[in-house]
1. Quick one: if you take sqrt(5λ) for each eigenvalue of the C-alpha gyration tensor of region 5-76, what semi-axes come out, biggest first, whole angstrom?
2. Let's test the formula: R0 of 25 Å, r as the Cβ-Cβ distance of residue 10 and residue 70. What FRET efficiency results, to the nearest 0.05?
């Protein structure tokens, strides 16, 4: 869909960011360091991952609803 291509790309970006945060979380648990000893770092990664994943899913549904609305309006005009 041409109209909401930017929103669709932003949704894909949020899915990628969520995957990156999950990857960083796994790496932080595998790497024994002082950063892992603090509870704030893994908690922040989990929160940012969940927020970016939910934003990606919400934008997917926005694109889907907009496509259905535009198709419905175009078909109603004919």
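1. Numbers: eigenvalues 281, 17, 7 Å².
Listed largest to smallest, the semi-axes of region 5-76 are 37, 9, 6 Å.
2. The formula returns an efficiency of 0.85 here.
Each reported figure results from applying straightforward, stated rules to the coordinates on display, with no laboratory input. The structure displayed is predicted, hence computed values, not measured ones. All Cβ positions, even for glycine, are placed from backbone atoms using ideal geometry, and neighbour counts span all protein chains on display.
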